[in-house]
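Everything below concerns the one structure shown next.
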Amino acid sequence: MRKPLIAGNWKMHGSKSQIQSLIDGIKHGAPHYPHAEILVLPTFVHLDYVHNLLSHTSIQLGAQNLYLGTQGAFTGEVSGCMLTEIGCQYVLVGHSERRTLFHEDLNLVAEKFKAAVTSGLKPILCIGETKDERERGDTERVISDQLQSVIQLAGIEAFREAVIAYEPVWAIGTGLTATPEQAQAVHAFIRQLISQNHIDIANTMRILYGGSMKPDNAASLLAMPDIDGGLIGGASLSAESFLKICAEVPK
Ligand code: PGA
């Protein structure tokens with residue numbers, strides 16, 4: 001049984017006062033949705049603040065990025081053990097904005113995944129194809145390359161606590177969403193790739209959908225057999241829309 005995960009990726013958004021009211025709203029609504037695991041992913045500078053606001057709740061905390069190793073001369077970077085010390089359980093790895101805007105290649109993403117697991121964090125590995133790649137019929141090849149590079153470097157056992165987020169790049173922040181059938185087909189493909197390496201891990205691993213998930217399309221996506229939750233960007237910045245998505249998680 002896979003407990004659905006609804007994760008809010010706040011990206012580079014939020015002031016302390018906005019965050020306080022957002023968390024107040026989520027805290028108020030979250031107890032109505034015990035069948036979903038709820039996670040928020042603020043910026044690095046807000047992690048400690050959000051951790052304090054979340055004390056005595058079941059809402060989980062995660063970061064959007066990490067660097068390799070434990071400490072060192074890496075100006076501007078943050079390590080996995082710093083994130084666990086501050087109360088994070090999860091970390092995003094390989095988000096398409098990191099791959100494109102910050103030039104993170106397959107090898108760096110795989111190294112970050114391994115670093116996350118070594119620090120005791122649960123990585124959420126983001127993978128997905130661009131519009132051109134989909135139109136060329138390359139979706140499965142891209143997904144397979146993004147996944148195999150991590151399996152080769154980190155080993156399949158490193159996926160035991162990990163989550164995968166399928167995020168078609170063309171759907172992120174665009175208002176375009178994969179249809180439930182398109183998303184389900186890729187999720188099933190991802191699970192099958194994992195099952196070629198480890199059947200138990202494939203059966204228990206949660207695969208989230210991300211890319212313009214909103215209250216009005218969440219129910220049909222979350223109803224698909226291989227979609228185990230959502231990674232939500234824009235709609236996670238309002239407690240009302242975030243909670244409406246939580247309400248669509250099948251019981
Ligand atoms: P979006 O972002 O929901 O705004 O499309 C999703 C993501 O980038 O994780």
* Asked: Once phi is turned into θ = phi - 60°, what whole-Hz ³J(HN,Hα) does the Karplus curve with 6.51, -1.76 and 1.60 give for every residue of the stretch 235-249, x standing for Gly and Pro?
  -> 6, 8, 8, 10, 4, 4, 6, 4, 5, 5, 5, 4, 5, 8, 5
* Structure fact -> Relative to the compact-globule estimate 2.2 N^0.38 Å (N residues), the Cα gyration radius of the stretch 86-232 stands at a ratio of 0.97
* Asked: Excluding ligands, DNA and RNA, what is the solvent-accessible area per residue of the stretch 1-108 at a probe of 1.4 Å, expressed in Å²?
  -> 53
* Give me the accessible area per residue for the stretch 160-213, probe 1.4 Å, as a whole number in Å². => 37
* Structure fact -> Kirkwood-based Rg/Rh on the Cα set of the stretch 22-84 evaluates to 1.06
* Structure fact -> Excluding ligands, DNA and RNA, the carbon-plus-sulfur percentage of the accessible area of the chain with a 1.4 Å probe reads 53
* To do: Please compute P(r) over all alpha-carbon pairs of the stretch 28-149, binned at 10 Å starting from zero, and give each bin as a whole-number percent.
  => 13, 38, 30, 17, 3
* In nm, give the distance between the simple-model label positions of A188 and D145, each being 7 Å from the Cα along the Cα-to-Cβ direction. => 2.5
* D_trans [Stokes-Einstein, Kirkwood Rh over alpha-carbon pairs] for the stretch 178-251, 4 °C, 1.567 mPa s, µm² s⁻¹ -> 102
* **Stokes-Einstein diffusion coefficient of the stretch 128-186, Kirkwood radius over Cα pairs, 4 °C, 1.567 mPa s, in µm²/s** => 103
* Asked: Which whole number of Å³ per residue matches the convex hull of the alpha-carbon atoms in the chain?
  -> 117
* What's the FRET efficiency of L153 with I199 using the Cβ-Cβ distance as r and R₀ = 30 Å, to the nearest 0.05? -> 0.90
* Asked: Using θ = phi - 60° and the Karplus curve 6.51 cos²θ - 1.76 cosθ + 1.60, what whole-Hz ³J(HN,Hα) does each residue of the stretch 94-103 get, with Gly and Pro shown as x?
  -> x, 4, 4, 5, 6, 5, 8, 6, 10, 6
* Length-normalised contact order for the chain - Cα pairs under 8 Å, 6+ apart - percent -> 21
* **Amide H contacts of Q60 (H built 1.01 Å from N, under 5 Å, at least 5 apart or other chain)** => I38, L39, V40
* Asked: Among all stretches of the chain without exposed chymotrypsin sites (Phe, Trp or Tyr not before Pro) (DSSP loop, at most 15 other Cβ atoms within 10 Å), which one is longest?
  -> 103-251
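Given only helices, namely DSSP H runs of n ≥ 4 each adding -39500 (n - 2.57), what is the per-residue ellipticity at 222 nm of the chain, to the nearest 500 deg cm²/dmol? The partial results should precede the final answer.
On the way: 11 runs with 106 residues, N = 251.
My calculation for the chain gives -12000 deg cm²/dmol from helical runs alone.
The values are calculated or read from the model by the stated rules, or taken from the named source; none is laboratory data. These figures come from a predicted structure and were not determined experimentally. Backbone-built Cβ (ideal geometry, glycine too); neighbour counts: all protein chains shown. Remember, those area values only see protein heavy atoms, side chains included, never the ligands or the DNA or RNA. Shrake-Rupley method; radii C 1.70, N 1.55, O 1.52, S 1.80 Å.
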